[in-house]
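Below is one structure, written out as structure tokens; comments come after it.
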Amino acid sequence: MAAGGGGSCDPLAPAGVPCAFSPHSQAYFALASTDGHLRVWETANNRLHQEYVPSAHLSGTCTCLAWAPARLQAKESPQRKKRKSEAVGTSNQTDLLALGTAVGSILLYSTVKGELHSKLISGGHDNRVNCIQWHQDSGCLYSCSDDKHIVEWNVQTCKVKCKWKGDNSSVSSLCISPDGKMLLSAGRTIKLWVLETKEIYRHFTGHATPVSSLMFTTIRPPNESQPFDGITGLYFLSGAVHDRLLNVWQVRSENKEKSAVMSFTVTDEPVYIDLTLSENKEEPVKLAVVCRDGQVHLFEHILNGYCKKPLTSNCTIQIATPGKGKKSTPKPIPILAAGFCSDKMSLLLVYGSWFQPTIERVALNSREPHMCLVRDISNCWAPKVETAITKVRTPVMNSEAKVLVPGIPGHHAAIKPAPPQTEQVESKRKSGGNEVSIEERLGAMDIDTHKKGKEDLQTNSFPVLLTQGLESNDFEMLNKVLQTRNVNLIKKTVLRMPLHTIIPLLQELTKRLQGHPNSAVLMVQWLKCVLTVHASYLSTLPDLVPQLGTLYQLMESRVKTFQKLSHLHGKLILLITQVTASEKTKGATSPGQKAKLVYEEESSEEESDDEIADKDSEDNWNEDEESESEKDEDVEEEDEDAEGKDEENGEDRDTASEKELNGDSDLDPENESEEE
Amino acid sequence: MAGYKPVAIQTYPILGEKITQDTLYWNNYKTPVQIKEFGAVSKVDFSPQPPYNYAVTASSRIHIYGRYSQEPIKTFSRFKDTAYCATFRQDGRLLVAGSEDGGVQLFDISGRAPLRQFEGHTKAVHTVDFTADKYHVVSGADDYTVKLWDIPNSKEILTFKEHSDYVRCGCASKLNPDLFITGSYDHTVKMFDARTSESVLSVEHGQPVESVLLFPSGGLLVSAGGRYVKVWDMLKGGQLLVSLKNHHKTVTCLCLSSSGQRLLSGSLDRKVKVYSTTSYKVVHSFDYAASILSLALAHEDETIVVGMTNGILSVKHRKSEAKKESLPRRRRPAYRTFIKGKNYMKQRDDILINRPAKKHLELYDRDLKHFRISKALDRVLDPTCTIKTPEITVSIIKELNRRGVLANALAGRDEKEISHVLNFLIRNLSQPRFAPVLINAAEIIIDIYLPVIGQSPVVDKKFLLLQGLVEKEIDYQRELLETLGMMDMLFATMRRKEGTSVLGHTSDGFPENKKIES
């Protein structure tokens, strides 16, 4: 098992979080996240098994971890009677986890007890522990550190057995040979030590950057004709920080060969490596490399000597979200770790976020050059609250201590949890199918992170963003903040703005106020908020009038047209209502009604025509054209006029009395028909 | 005959960002070429000699790229550890680089193995440079020291131990072979003279200094650190000229344009800002995808190369000047035809008759002159005119309104033409500069076309749009009115404060008087 990426020390590129599968059955997956929590997950049902927070989790975060081999524990349990500890459960259950910390201490955590088993401190490292390896048989623990030393521990007594200088620079990785007699260590160069005497047996040139992972890939030499001395002829693998090549080295009898026998190339820096050991010559080594970009590359190769060209992967696995709905660009989900199951034919994949990883078993199909699994993890970000967590330990903490929580975690905490579902495997990449290519998916990643960032923006980030935007005059940043519609959000943001940014904000708002009313309305909200919230500050400004003068004038000049505009609006409303009304009547006239209207019209048509003609002629004499059109538009007025004229024209009043009663209703449709 | 007076087109100030020479100049680059490096790109340096290759330092390698090549034409990978600050010599034939293990290595461009290795620093060397005489190398390291090395003898000449923290940047004067400056994380920038054993000048930047730059004249010094870029006058003994704070994260690199008129700064906030070196205002800014660590400009600003933390090198080339084929122009009359007779002096009895100059009139003016008002309006309602120069359209409408013939000009249009007019109204009604004229026009249109409303769904839709717009504008103006009220209140409180202070005095005075009285 590899604790991948623990050795990285580049602050610009934080390495993968230390994590490991428990040996042999892979029943558990231990993960030490950056916030100092150690979490143990059950791989079978993807449940949180245990959670433990070391008391010193903030000062000394976990840098590497390693499971004790099961055999050792089985052996160890009888020895336990030396100490008066309670009986350990079933002997083949994996128990001990060794954690290396950034301050140099090593913690042994027992998953059975759910608490700290012991601490290895005295005489150990005084700097960051980079890698821990358990010896398969002897019950020893080997650790290496930034303080250039390698330490051999006796776990039973918690004492240092031996400590020696391993390199001129920090030692970043360790590996014990399959027969348990040799130890590989790597800083920049790779060294092979004889454990008995602590002498250097071989040197390997190594990588340009610190080696982050070391692993033996074979347990038997490929050439069985020669007698096997336990180490000669074995291959091992090394990966380094910032290096996209994994080198394979062979331990040779003569000490001449200095360069790697072959190399595997991957798309990004490897963060986690797992492999199946090949037992014999014919069986290929299977290698699963998790890269920083979240892909898994699978290699299958029979190691038989020198190969000049770097090998590319046989198979690449990626996971992406299903693209559905409007935001249809699928988002890649990073794979965090991958481990071969004991049958060597399936792979355990850990993916998602460090805080809520999803563990899934995937069958391997070596013929597929590319696998893309589609998984929906959008709503399972939050840690599940389940009773199944056997033990959750909270750190003993001083009540006065102030805890600084790293920023990003907890962001998703509010979202409702749901079990991971959608097991459909969309692995077949048919040519010509409408599946998105990897390039597009990767391209979508950038955009998506942007989008996500937007969604995740919280109130507390708005003032910062706005301040930064104002200072650097960044258009996009300002847009992001200023285009919010949420009044509450605006208020909160304005409240938290530092005082010296108020005037620049007002100036920015001035600029944005002179646009289309659609966008400008939002700016008014901001302006109002600024004025209400910071009224007292603004009123203390000595040069308030010159500062806000332009803004005031701008607003004033714009408001000048208010009256005229309202007038126009009134006209428009009337017009629009008429149009809609006429449309309605057009659609809804039933034949029966129509017949009735026609009948009525016949009687009154002549009159009304005359009347209107009369009226028009009169109006032409009396008033100008505009008033005429106004009359046209004002139906009610006209009705009244018409009625008035009815009387004036002096028609038969006898019949008119009846007609007048219906008159109002009659004239309405009539007018409309005229207009049409 | 009284001449026709052309319509005065009202000019308005153009709103929005001004397009300056600088924006044109700095936007005139092609889409960037992106090259993936092995690690964060910590330094990019252009060779000062043609063919202007550039050296890129990333992780433990130095790649040399040709001007347009996307593959490195040469690689120096003989570093045991991270390499830093690969810099060309003035003649472009030697390259010097520092390393994490404290070594300084000198390469021949044509060779592969280092020519010289200067051992002496105990910690990472982050900055190296050639002095102006080409035979010395200055290096600054994390062991707080600055050393001067002799190339021919491969020996250390001088060591300065004045910094009290990591030395992370430096540069040598281009004029004086003995002068060089270094910037350190102890917040200072120091100028050293090889002829003396201590610094001759020290300025306090206030933040860990990430990058320094000397103007070619040597008179001005630019330092970057924290969020600040500061310009110092060296001739006045290190007086602070300007302090620029335009980034919101640490500024990591500085660079001068080839003319020396513009200063560029790159920052972790993923932006490159361009400053004018006369006004020290930001005249342009570029956005990049990741935090910027290094930045370089090629000869004549032909190429901008930016190195980022994610190991991506972005290379932008200037667009080649589009050569316009000059059309064979019609031969114009020779110059002398225009000056013919101009210097003729009038004799005593002659009467000089000037030929009336033919006034050039715009097409719409010609129409207006002949009272073809509808046609004039049609002309300015043409989409090319309404979009490009709405102020002409508005001016014509205003003129027609003044003549009292706007209603006539607008009348008698078919569906398509009305929708043209309405489109124009919808587009421009909300602009305060056009609003008074256009509101009037809108009312007239409504009055004219009221009888035929409802006949054309297209026009109806346009009216609906117009109504929506007007409604929004009214809402907006109502909001503005409210805000104006607030501001009035604010201004009023200010005035009152002056007043109240006076009142306060008197009211203070009164009780005293009363006391005295009582």
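A few remarks follow.
- Mean sequence separation of contacting Cα pairs (under 8 Å, at least six apart), scaled by the length of the range B:363-473, corresponds to a relative contact order of 24 percent.
- For the pair A and B, the buried accessible area comes to roughly 5900 Å² in total, with a 1.4 Å probe and the value rounded to the nearest 100.
- Amide H contacts of A:T218 (H built 1.01 Å from N, in plane; Pro and chain starts excluded): A:Y235 sit under 5 Å, all sequence-distant by 5 or more or on other chains.
- Compactness ratio for chain B: Cα radius of gyration over 2.2 N^0.38 Å (N = residue count) comes to 1.49.
- Sparsely packed trypsin sites (Lys or Arg not before Pro) within the range A:470-570, loop by DSSP, other Cβ within 10 Å at most 14: A:R485, A:K560
- Average partner coverage of A:511-520, which counts Cβ from other chains inside 10 Å: 5
- Computed over neighbours whose Cβ is under 11 Å from that of B:H121, the net charge equals -4, Lys and Arg +1, Asp and Glu -1.
- For the range B:21-317, the relative contact order is 14 percent, taking Cα pairs closer than 8 Å that sit 6 or more residues apart in sequence and dividing their mean separation by the residue count.
- When each of B:K416/B:K461; B:K388/B:K472; A:K564/B:K398 is checked by Cα-Cα distance, pairs over 21 Å: B:K388/B:K472
- Efficiency of FRET from Cβ geometry, B:H299 and B:Q34, R₀ 22 Å, rounded to 0.05: 0.50
- Accessible area per residue for the range B:363-473 is 44 Å², calculated with a 1.4 Å probe on protein heavy atoms, without ligands, DNA or RNA.
- Protection-proxy order for peptides A:100-111, A:570-581, each taking the mean of Cβ atoms within 10 Å per residue, highest first: A:100-111, A:570-581
- A straight chain from B:A411 to B:R332 at 0.36 nm per residue would run longer than the Cα-Cα distance by 24.0 nm.
- Taken over the C-alpha atoms, the range A:460-559 has Rg and Dmax values of 12.8, 36 angstrom.
- Amide H to amide H, with H built 1.01 Å from N, A:C131 comes under 5 Å of A:C144, counting only residues 5 or more places away or on other chains.
- Pairs from the list B:K18/B:K281; A:K286/A:K344; A:K198/B:K80 with a Cα-Cα gap above 19 Å: A:K198/B:K80.
- Rounded to the nearest 20 debye, the dipole magnitude of the range B:300-381 is 780 debye, with +1 charges on Lys and Arg beta carbons, -1 on Asp and Glu beta carbons, and the Cα centre as origin.
- Cleavage-rule hits (GluC sites (Glu not before Pro)) in the range A:113-222: DSSP loop, at most 11 neighbouring Cβ within 10 angstrom: A:E196
- Overall, the range A:460-559 carries a charge dipole of about 380 debye about its Cα centre when +1 sits on the Cβ of Lys and Arg and -1 on the Cβ of Asp and Glu, all other atoms neutral.
- Under-5 Å amide H pairs with A:T321, H placed in peptide plane, nonlocal only: A:K331, A:I333, A:R375
- Under the convention that each Lys and Arg Cβ holds +1 and each Asp and Glu Cβ holds -1, the size of the dipole of the range B:21-317 around its Cα centre is about 620 debye.
- Using the Cβ-Cβ distance between A:R361 and B:S77 with R0 set to 41 Å, the FRET efficiency works out to roughly 0.50.
- Ranking B:Y344, A:Y28 by solvent-accessible area of protein heavy atoms (1.4 Å probe, all protein chains present), from largest to smallest, gives B:Y344, A:Y28.
- Candidate residues B:D165, A:D35: accessible-area rank, largest first, probe 1.4 Å: B:D165, A:D35
- Accessible area per residue for the range B:21-317 is 39 Å², calculated with a 1.4 Å probe on protein heavy atoms, without ligands, DNA or RNA.
- Inter-probe distance in nm under a simple model that places probes 7 Å from Cα toward Cβ, at B:D475 and A:S557: 2.6
- Peptide B:463-476 is shielded by partner chain Cβ atoms: per residue, an average of 6 of them sit within 10 Å of its Cβ.
- For the range A:530-545, a decrease in accessible area of 30 Å² or greater in the assembled protein chains relative to the isolated chain, with a 1.4 Å probe, applies to A:L531, A:S539, A:L544, A:V545.
- The 3J(HN,Hα) values that the Karplus relation (6.51, -1.76, 1.60; θ = phi - 60°) gives for the range B:32-48 are, in residue order, x, 8, 10, 10, 8, 9, 7, x, 4, 8, 8, 7, 10, 9, 8, 5, x Hz. Gly and Pro appear as x.
- Multiplying the residue separation of A:N304 and A:I573 by 0.36 nm and removing their Cα-Cα distance gives an extension gain of 88.2 nm.
- Virtual spin-label span in nm between B:E362 and A:E283, 7 Å along Cα→Cβ: 8.8
- Along the range A:242-248 the Karplus relation, 6.51 cos²θ - 1.76 cosθ + 1.60 evaluated at θ = phi - 60°, assigns HN-Hα couplings of 6, 10, 8, 10, 9, 9, 10 Hz to successive residues, with x for each Gly and Pro.
- The value of relative contact order for chain B, using C-alpha pairs under 8 Å at least six residues apart, is 9 percent.
- Accessible area expressed per residue, the range A:460-559, with surrounding protein chains retained (probe 1.4 Å, Å²): 44
- Cα lying deepest toward the dipole's positive end in the range B:21-317, options B:L24, B:H284, B:P50, charges on Cβ: B:L24
- Per residue of peptide B:304-313, the mean number of Cβ atoms on other chains within 10 Å of the residue Cβ is 1.
- Placing a label point 7 Å from the Cα of B:S164 along the Cα-to-Cβ line, no residue of the range B:224-241 has its backbone N under 11 Å from it.
- The label-point distance for B:T384 and B:K249, in a model that sets each label 7 Å from Cα toward Cβ, rounds to 4.8 nm.
- In terms of accessible area, using a 1.4 Å probe and ignoring ligands and nucleic acids, B:Y25, A:Y272 rank largest first as B:Y25, A:Y272.
- Residue-wise HN-Hα couplings along the range B:274-283, as the Karplus relation 6.51 cos²θ - 1.76 cosθ + 1.60 with θ = phi - 60° gives them from phi, are 10, 10, 7, 8, 9, 9, 6, 10, 6, 9 Hz; Gly and Pro carry x.
- Full extension of the chain between A:K165 and A:L499 gives 114.6 nm of extra length, using 0.36 nm per residue less the Cα-Cα distance.
The values are calculated or read from the model by the stated rules, or taken from the named source; none is laboratory data. The structure displayed is predicted, hence computed values, not measured ones. Cβ sites come from the backbone with ideal geometry, for glycine too, and all protein chains shown count toward neighbours. Accessible surface areas use protein heavy atoms only, side chains included; no ligands, DNA or RNA. Shrake-Rupley method; radii C 1.70, N 1.55, O 1.52, S 1.80 Å.
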